[in-house]
């Protein structure tokens, strides 16, 4: 469970986030929907301390963390992040990339000697197992396909044993088929481990399919916060002003009818 | 305008002075070059007069004294050892500087500029001059040459290492930061794997240069084949000198060949 309270961020005079408040239950898959420049990325970066917010606080496991302490590992459970470009170190092995998630607690000297605790290696291998890539642990990261690299990114986030996983446009550079596989893994992990997921997307269709709840962001304000079936064409037009897409209406209609929320067939792909 | 089926196709200069500007700049450059040529005492007449003497010098070198090779082996290998250890020391000397001399890792812009200037100074002093200093400090011999190459080489290696660090993909670094990984471990696992191929290429390139430099360090008493070269000349044993030059050429060409092969393999 994580709660964001009155988070705000401005760059000079340009306000990127106005007073954002939202909460995510444990094991909830929240999708943040919005056009480029709406502040989605800034929101996630403020939440794990990559960017310092101007004001606000977050509450993790009932503990209040103020703006200055966000990202401080002594004061909070980790908030992991998955990036659009996966951000793996290409010349390192898959396993070592996942071990980055455990590295914060490792002594520098031992790490330099490439020595890691058994326990940490087990956690990393287990994370790889959850994205079905344990058999590629010894391969170099750049030998994997784009979708597989993003799954390693998910495993790295998992290895941190986080309270929340933030995913910043995780499928923006993947093809539709691979995108659904990757989002499927993320959704399954969210359900099975109880880790909350906050996932930035700009594709409405994926938001409808994978989101348990959708937050619409526009101009740094939350203008929608509800379940996908409450999302109307009108709201979509408010999130994406000037959007002309005749297919959108059809998308919303068909979606209402064929919504097999709980466990999609993707879970089978994942275990295969 | 067409003349004899040819047309002059040039975009007119965009400056305010137009073609006049080009004319004035050209004239100024010509005057400046003439001035420097006078300063350098460039004199084709002298060159023409000197040609027979050059021919005389060359003919005295012929044929090279292959028997002198017996004496040269040791000196040639000494040059090679100086080059190898000059490179190794140079790498270790460059390492502590390069991280602070990289804009993206340096803790403060002032540190970055200071480190770059330190590296510039190290690189700015010629190897021969450094060798003279080290010979004066620790005495004649190859170790003075090693130190001279190390200091000059560290200046160059540090700069190239730092530039490689500045070119890395910053994405993984951000991922490390978001996972709460400290600076040192980020460098070991996030930066080094990304720069290693480039660094190795730079190190082998430096080794090539050092072999070339190590062959002349002996002239100032810092060990190696340069000593044989200069003493044979002083004794007017030009056939021995020719042999030295041949050996130096062979060494330089061989290292260039081997090193460029290795560098191609790393990429």
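Just so you know, all these numbers are worked out from the coordinates, no wet-lab data involved. What you are looking at is a predicted structure, and each value in this text was computed from that prediction instead of being measured. Every residue, glycine as well, gets a Cβ built from its backbone with ideal geometry; the counts of neighbours run over all protein chains shown.
Quick look at the numbers
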read-out: B:121, B:98 arranged by Cβ crowding within 10 Å, fewest neighbours leading; value: B:121, B:98
read-out: Chain A - percent relative contact order, Cα under 8 Å, separation 6 or more; value: 26
read-out: Pairwise Cα inverse-distance average, inverted: Kirkwood Rh of the protein assembly as shown (Å); value: 28.8
read-out: Mean residue ellipticity (222 nm) of chain A, computed from DSSP H runs ≥ 4 via -39,500 (n - 2.57), nearest 500; value: -10000 deg cm²/dmol
read-out: Cβ-derived FRET efficiency at R0 35 Å, residue A:54 paired with residue A:121, nearest 0.05; value: 0.30
read-out: Solvent-free Debye scattering, log10 I(q)/I(0), computed from the Cα coordinates of segment B:19-59 at q = 0.23, 0.24 Å⁻¹; value: -0.77, -0.79
read-out: Ranked packing of A:30-38, A:107-115, most packed first, by mean Cβ within 10 Å; value: A:30-38, A:107-115
read-out: Å³ per residue enclosed by the Cα convex hull of segment A:76-137; value: 108
read-out: Rounded to 5, percent antiparallel among DSSP beta bridges of chain A; value: 55
read-out: Residue-averaged beta-carbon neighbours from other chains (10 angstrom radius) around A:102-108; value: 4
read-out: Cα-based equivalent ellipsoid, chain A: semi-axes from gyration tensor eigenvalues, Å; value: 30, 24, 16
read-out: DSSP bridge orientation in the protein assembly as shown - percent antiparallel, rounded to nearest 5; value: 55
read-out: Mean Cβ count within 10 Å, highest first, over the residues of peptides A:171-177, B:245-251; value: B:245-251, A:171-177
read-out: Exercise: per-residue mean of other protein chain Cβ atoms within 10 Å, A:44-53; value: 1
read-out: Mean projected area (nm²) of the alpha-carbon convex hull when segment B:73-127 is viewed from all directions; value: 4.2
read-out: Reciprocal of mean inverse Cα separation for segment A:125-225 (Kirkwood radius, Å); value: 14.4
read-out: Ranked list, fewest to most other Cβ atoms within 10 Å of each Cβ, for A:245, B:240, A:234; value: A:234, A:245, B:240
read-out: Diffusion coefficient, µm² s⁻¹, Stokes-Einstein with Kirkwood Rh over alpha-carbon pairs of chain B at 4 °C and 1.567 mPa s; value: 57
read-out: Computed over chain B: relative contact order in percent, which uses C-alpha pairs under 8 Å that are six or more apart; value: 24
read-out: Estimated [θ] at 222 nm from DSSP helical runs (n ≥ 4, -39500 (n - 2.57)) normalised by residues in chain B, nearest 500; value: -25500 deg cm²/dmol
read-out: Global geometry of segment A:131-171, whether rounded, prolate or oblate, following the gyration tensor of its Cα atoms and the 1.5 cut on a/c; value: oblate
read-out: Shielding of B:187-193 by partner chains, average beta-carbon count, 10 Å; value: 5
